[in-house]
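Student: Shown below is the structure under consideration.
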Amino acid sequence: MVLRSARKLRRGLIALSIALPGLYAVSAGTAIVQDYRSTITQAESDMRNIAATLHEHAMRTFGEADTRLRVAMAEIERRGLAPVPADERALHDILVAAGGDSPLAGSAGVMAPDGEIRASAYAYPSVPADGRDRDYYAWLSTHRERGMYLSRSVRSRSNARWVVPVARRIDNPDGSLKMIVNFGVDMAYFDRFYRSLRLGESSRLVLVRRDGWVITETPLSAGVMDRNLASTWPFRVLGHAPVGVYETERSTIDGSARVVGYASLAQSPIVAVASIGRDEVLQPWVTRSLQFAGLGALSTVMLLALLRFLWLRLADLEAVQGGLARRNQELDTARRRFQELVDGIDGIVWEAALPDFRFTYVSGNAAAISGYPAEQWMAEPQFWRERLCTTPDGKRSEPMLNLGGPRLMKPIEHHILAPDGRDIWLRSNIMLADSPAGGLHVRGVTTDITAHKESELQLFEAIHVDPLTRLPSRRALADHLEHALVLARHNRSVTAVVLVDVDNFSTVNNSLSHDLGDEVLVHVAQRLKDCLDPGDMLARMGEDEFAIVVEDVDRVGLKVEQLAERIQAALERAIPIDGRKLYLTVSMGLALSPQDGRDCQTLMRNADTALYRVKAAGRNGWQFFDSSMARQVEHRLDMETALRHAIEHEEFRLEYQPQRSLADGGIVGAEALLRWNRPGVGMVPPQEFIRMAEESGFIVGLGNWVLTAACCQAADWRAAGLHLRMAVNVSVVQLHQADFADQVRHALAVSGLPAHLLELEITEGAVVSDILDALDKLHQLKAMGVELAVDDFGTGYSSLSYLKQMPVDRLKIDQSFVRDIPHNADDCAIVRAILAMAANLKLEVIAEGVETQEQLEFLRAEGCQEMQGFLLSPPVSPDHFVTQFLAACRAGTRRLAPVPRSESP
């Protein structure tokens, strides 16, 4: 029985000696495979989390650099600086202030449009250098986008540091490039921070631009700045997997197998990549696998030596316990290393359980960043909702958890009140993650963005608030009006825009000073504000122009009309400035939506059209927009465009109307008259296009051409034997040009016409508008020998005091006085008075517009010396003038051959 038992025991031992090693081999193999997968999975999770952390750190770093850059740009634009030697010192000071004592600052500079570096934060005066080889110059000089441009790494020419430039462009008012300002982030800052993490001998931390170019790498390797990773896996899947991890058998870094994690947001210009060699990751796994193999050998020896079974069993247990201790030690080391990493970054790393968002882990730097210690984060069950998601004004701001959507959620911002009373802004980047115990939880990194928020507030005020009057700016008004129009469409109500322009404000600036002018504008702004209802908005649009948005207006605009009356009444009171009283008036243009425009641009344009109509009518008033104004504006724009085209393509021509002596009937002169035969339209009345040319400024060049062409024609007639006086009309705009006398002298010199054969016809209004300047120019012309005539005499600002000072030779009676003589007693009396006055002043008189023989006889009987008009001839072409009138002049004929009416204008 005992033998049978012993045999059974031996058979059992034999069976155990066969079964147990096999069972151990299967279980050990399974454990080794699972341990391999767990090790790789842990490495992937570490690399993904580290990449996300590095991306957040890099975005904050470049964000801070861009904030400093925009502050410097705002100061440059505020002071109106340019990349010229005169502004180099001011630019240097601004760049130094932008860098400050920040550890990020590696370089800062200003580059001119030609690529020359004109100013630097590290040297004054800066040594001129050619920056056209810079990546950011090549981009910003050819693209008008005014956003931030993250450049490839370069070596600074001012201090020889390797930097990553953040650059923006500043444009001129016409949209052309004015300068490029850059702020270089010192690559040593990234290198110091990344090296302090001590992630492993084979670890590599890389920042890459969206186009694949490497910005920086730790540790640095030769040629890193020339490496492009656009063809690697992260860039192929970045669009639909902004955060991920993968393994590669042959990396582009060192050709070895690596575990690579990457992270980037859609709006981010960079991709953060963290990798570690697979051999280093698997080294602990290899050690543990060898341990399992050793345990198998020990088990086999134990089974073969049945007598030492218990001892071998004990040895096996001791070996297992030693392996577990070493593994726990390794886990503790990894945990401490991870804790050092998360505590060392500038952000709170946390984990919370869903659905109540209770924190299960918070990094130790929570108190330094948020003011609340990590223990309080985890001890209070409602810390997320009561502290982080409740702003000081009591509003809730919780993230939207889309469990079926992307795992990386949109960042959320918190405005919290710290225990010491400080207002702090935090931003949390949140990611959904699977819980080891089942279900879901969230992980996040919360950073302090208070400084960024303060910079944004300053930038917002710079854009949306007028610095002088503290009123909303043009940009703020546009945003408000867009919102008001959307609300009005929804409520089917009427919104009004009132443009207010201070009349002749340039005179205030010129007569007082710009500082006092600014003080006047502040007074005007306050009086306008006093006229508004609580719901109205007042903004400053320009130097002396304001705009008001009025909501919920009645259909006929009675409310707006009453507002305009209040504004006029408010500005009738004197404004006390520098011990004196100043009286101002304003012009106002009013437009209503939807009848005058359904969008902001149309409504503002139509209000400006109504304002222009008020100013054209004499200012100091207000007017609603109507559709006829728009048609007139379109007609004016069409005429200005056609007028410019006509000047460029020489569509104008001159016709000449003869002037006859009433004493002997001979032809004594000709008046040059400008004609425009517009293609596709026909003849344009002179009074229409000449007025347009005067208002647009084209009259100066056009008048100079008429003067030269008429002088050349008179010189040609003189060479042909016809010595006639050439009369040329002079515009008031032309007369007041500083070089007008030089233009007349040039026309005489070019044509060779004697000065006494040129007569310039000047209206009375041209002289009265600036009497001293006009008289000075008239005396200069008279000194040349040019004859002068007062055109349209009696229709303007007639004044004997002006007339007796003017060195004129003749007066020209306007055709409005000639048209009804001798039948109209009033016109006859006016003509007699003009002739009597001219005789006393020893001036000759020529009457224009003579069309009947009765008019001619009356003028001759009253002592008029010369005439012109259709009775003699309409204006004709130069060739017709020569053929018809040169022969008659030579023959001494009193009555000239008739001219066909088709020749008339």
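Student: With 21 Å as the limit, write out which pairs from 453/529; 615/777; 615/812; 559/615; 782/812 have Cα-Cα distances beyond it, or answer none.
Tutor: Values: 453/529 30 Å; 615/777 30 Å; 615/812 32 Å; 559/615 23 Å; 782/812 18 Å.
Over 21 Å Cα-Cα: 453/529; 615/777; 615/812; 559/615.
Student: Can you quote the Å³ per residue value for the convex hull of the Cα atoms in segment 478-568, rounded to an integer?
Tutor: Details: hull volume 8.2 nm³, N = 91.
Expressed per residue, the convex hull around the Cα atoms of segment 478-568 is 90 Å³.
Student: Excluding same-chain residues fewer than 8 positions from residue 178, which aspartates and glutamates have a Cα within less than 16 Å of its Cα?
Tutor: 75, 77, 87, 88, 114, 116, 145
Student: Something else about it: Could you tell me which of rounded, prolate or oblate describes segment 652-896, using a ≥ b ≥ c as the square roots of the eigenvalues of the alpha-carbon gyration tensor, with rounded for a/c under 1.5 and, failing that, prolate when a/b is larger than b/c and oblate otherwise?
Tutor: Values: a/c = 1.35, a/b = 1.08, b/c = 1.25.
Judged from the Cα gyration tensor, segment 652-896 comes out rounded (a/c under 1.5).
Student: So how do 30-38, 285-293, 49-57 stack up, highest first, on mean other-Cβ count within 10 Å? Spell out each step's value before the answer.
Tutor: Numbers: 30-38: 12.8, 285-293: 15.4, 49-57: 24.0.
Averaged packing, sorted descending, gives the order 49-57, 285-293, 30-38.
Student: Fully extended, how many nm does the chain gain between residue 750 and residue 139 (0.36 nm per residue separation, minus their Cα-Cα distance)? Walk me through the numbers before you get to the answer.
Tutor: Values: separation 611, 0.36 × 611 = 219.96 nm, distance 5.11 nm.
My answer for the length gained is 214.8 nm.
Student: Suppose we keep just the DSSP beta bridges with both residues in segment 652-896; what percent of those would be antiparallel, to 5?
Tutor: On the way: 15 of 37 bridges.
So the antiparallel bridges in segment 652-896 amount to around 40 percent.
Student: Mean 1/r over all different Cα pairs, inverted: what Kirkwood radius does segment 465-625 give, in Å? Mind showing how you got there, number by number?
Tutor: Values: mean 1/r = 0.0632 Å⁻¹.
About 15.8 Å for segment 465-625.
Student: Taking every eigenvalue of the Cα gyration tensor of segment 542-603, multiplying by 5 and rooting it, what semi-axes result, largest first, whole Å?
Tutor: Values: eigenvalues 170, 40, 11 Å².
Sorted largest first and rounded, they come to 29, 14, 7 Å.
Student: Taking neighbour counts of Cβ atoms within 10 Å as a proxy for exposure, in what order, fewest first, do 554, 346, 792 appear?
Tutor: On the way: 554 13, 346 16, 792 20.
Lowest count first: 554, 346, 792.
Student: Would you give the gap between the C-alpha center of segment 132-210 and the C-alpha center of segment 541-559, rounded to a whole Å?
Tutor: Measuring centre to centre over Cα atoms gives 46 Å.
Student: Ok, one more. Quick one: Cα convex hull volume of segment 79-179, Å³ per residue? Intermediate results must be reported in sequence, preceding the final value.
Tutor: Numbers: hull volume 10.1 nm³, N = 101.
Given the Cα convex hull of segment 79-179, per-residue volume reads 100 Å³.
Student: Roughly what would the spin-label model give for residue 479 and residue 361, points 7 Å off Cα along C-beta, in nm?
Tutor: 4.1 nm
Student: Using Cβ contacts closer than 10 Å as the measure, can you line up 363, 256 from fewest to most?
Tutor: Values: 363 22, 256 15.
Arranged by neighbour count, lowest to highest, 363, 256 become 256, 363.
Student: Ranking 203, 102, 593, 196 by Cβ neighbours within 10 Å, fewest first, what do you get?
Tutor: Values: 203 21, 102 16, 593 24, 196 11.
So the residues, fewest neighbours to most, are 196, 102, 203, 593.
Student: Right, here's the next one. Which distance in nm do the two modelled labels at residue 287 and residue 492 give, with both placed 7 Å along the Cα-to-Cβ direction?
Tutor: According to this spin-label approximation, the distance is 8.0 nm.
Student: As an exercise, identify the GluC sites (Glu not before Pro) in segment 522-607 lying in DSSP coil whose Cβ has no more than 13 other Cβ atoms within 10 Å.
Tutor: Numbers: sites: 543, 545, 551, 561, 565, 572; in loops: 543, 572.
Counting only loop positions with at most 13 other Cβ atoms within 10 Å, the GluC sites (Glu not before Pro) in segment 522-607 are 572.
Read-outs: derived from the displayed coordinates by stated rules, not from any lab. Keep in mind that this is a model prediction, so the values were computed, not measured. A quick note on method: Cβ atoms are made from the backbone with ideal geometry, for glycine too, and the neighbour counts reach across all protein chains shown.
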